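The values are calculated or read from the model by the stated rules, or taken from the named source; none is laboratory data. Computed from a prediction, not measured in an experiment: that's the story for all the values here. A quick note on method: Cβ atoms are made from the backbone with ideal geometry, for glycine too, and the neighbour counts reach across all protein chains shown. SASA here: full protein model, heavy atoms, side chains in, ligands and nucleic acids out. Shrake-Rupley method; radii C 1.70, N 1.55, O 1.52, S 1.80 Å.
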Amino acid sequence: MAQELDLLITGAEIVTAADRFRADIGIQDGKIVALGTALGPARKTVDASGLLALPGGVDAHCHLDQPQGFGLRMADDFVSGSRSAACGGTTTIIPFAAQLKGQSLRAAVEDYHQRAGGKSCIDYAFHMIVVDPTPEVLEQELPALIREGYTSFKVYMTYDDLKLNDRQILNVLDVARQGGALVMVHAENSDCISWLTDRLVADGKTTPQYHAVSRPQAVEREATHRAITFSELVDVPILIVHVSGSEAIEQIRWARGRGQRIYAETCPQYLYLTAEDLGHGDYEGAKCVCSPPPRDEANQEAVWRGLAHNVFSVFSSDHAPFSYEDPHGKKLRGKEQKFQYIPNGIPGLETRLPLLFSGGVNGGRISIHQFVALTSTQPAKLYGLYPRKGSLMVGSDADISLWDPDRKVVISNTMLHHDVDYTPYEGRTVTGWPVMTFSRGELVSREFEFLGTAGKGEFLPCDKPML
């Protein structure tokens, strides 16, 4: 007699980045152990007839409980953030262990483990953020941390408290080349932004709408080209994060045409928001302040085309949870801020997948296989988690989202599970929603209800990227 399965999912149409077929899914000890027909017996059976079974989402760019200066505090920690992710069909998150200037990188990683430990309801890994690449960091800490499973790290070309100069970036890229790690680059020209900001403030133009004016496409285009040049000099792949529009896309296409290994990521805000959402003089536009800022409808279409034509390898939320009414958030110290002091970032962990599914798959812009690749398989490969994550195959973790592709949902912050007091997608109707999510075979969400348990998620050391 066959061994009894822990869980059997029957009747679903399975979709991966490459295939689409109907089969039952047998799960034992948190792993997929069988795909086929007439499986069983099982202690529990879920009838998924009429639903699509997709690999659980991998959100490879989100910020949770990240230490902040200037009196700021993120609204989501690993409990609320992972809860929100699970209810949106995501089963793995990769937030950032951020170094502070004067602090060791290892201290940042250890602090982040303390913040995450016993809290996440889904599995998680860490990227690192390098802001102080001292000789000790470059020669000892970073190589050791790569060997220990922290195989990706981010560098900034803007923000005074985060940015590296060109030589520092080259040094970090060189360590990545030697260790086989992947560097993520926030590409915006800091000096150009500062110059434009000073001119706008001098003219009394300080409301949220001017955030977009201070960060035009040119500053992203220039920095993207510079990052590509650094990649060429060091001979190492890089990934440009949160690409916002056509001019940066052109640089990435140009580099790839020359044979360079340049990867790219984009986010929902560049498909659904525009600079107009930053307002016309009122402070509500602060809810949509992020960097790079949303552009215009023509650039939205350019990003959609980039997704369709495989310019982008990853689609992430860049969830940055600052509440609007919070004196530690968008209204810092209880006051409306000039645009240059508004905390950058918007929430999106729970809405990432439905927004792309609705506008992309149901909108006819991308195939469902591209959807799976962008939101699960490719981030798992790029960040060293595949095949444990990112696919539905025998031996993979039983991270599964069951989708009703025809479910119409009006997004409202009251239905979401983060601790942020708004969503920039309030009132938007999407078609397609994950109605059940399983993390290593355990049901963590069903029909908008969170069923998981804080602390069930495991930390995942990462292998070297599959580039």
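Here are some notes:
- Across region 1-93, C-alpha contacts under 8 Å between residues 6 or more apart give a mean separation that, scaled by the residue count, equals a relative contact order of 27 percent.
- For region 132-198 versus region 271-338, the gap between their alpha-carbon centres in whole angstrom: 24
- Net charge in the neighbourhood of Ala97 (other residues with Cβ under 13 Å of its Cβ; Lys, Arg +1, Asp, Glu -1) is -2.
- Portion, in percent, of the accessible area of the chain that falls on carbon or sulfur, probe 1.4 Å: 47
- Here the simple spin-label model places points 7 Å from the Cα toward Cβ, and for Asp406 and Glu232 these points are separated by 5.2 nm.
- Among beta bridges that DSSP assigns inside the chain, antiparallel share in %, nearest 5: 50
- Under the simplified labelling scheme, the Glu447-Arg305 pair shows an inter-label distance of 4.4 nm, with each label point 7 Å from Cα along Cα→Cβ.
- Taking the chain and dividing mean pair separation by its residue count, relative contact order in percent (alpha carbons under 8 Å, at least six apart): 22
- One decimal place: the segment Gln68-Asp296 gains 79.0 nm when fully extended, by the rule 0.36 nm per residue minus the C-alpha distance.
- If a spin label sat at a point 7 angstrom from the Cα of Leu467 along the line to its beta carbon, the backbone N atoms of region 133-154 nearer than 19 Å would be those of 138-139, 142-154.
- Cβ-Cβ FRET estimate between Glu110 and Asn413, R0 fixed at 41 Å, reported to 0.05: 0.75
- Percentage relative contact order, region 184-288, counting C-alpha pairs under 8 Å, at least six apart: 32
- The length gained on full extension between Trp195 and His369, counted as 0.36 nm times the residue separation minus their Cα-Cα distance, comes to 58.3 nm.
- Positive-end residue of Val175, Gly117, Val185, charge dipole of region 80-195 with Cβ unit charges: Gly117
- Counted over region 12-73, the DSSP beta bridges are approximately 80% antiparallel.
- Among 348-355, 121-128, 101-108, the order from most to least packed when residues are scored by Cβ within 10 Å on average: 348-355, 121-128, 101-108
- Under 14 Å from the Thr429 label point (7 Å along Cα→beta-carbon), backbone N, region 270-294: none
- Sorting 88-95, 205-212 by average packing, meaning the other beta carbons within 10 Å per residue, from highest down gives 88-95, 205-212.
- Between Val79, Gln251, Val155, the Cα set farthest toward the positive side of the dipole of the chain (charges on each charged residue's Cβ, about the Cα centre) is that of Gln251.
- Under 14 Å from the Arg43 label point (7 Å along Cα→beta-carbon), backbone N, region 428-467: 441-443
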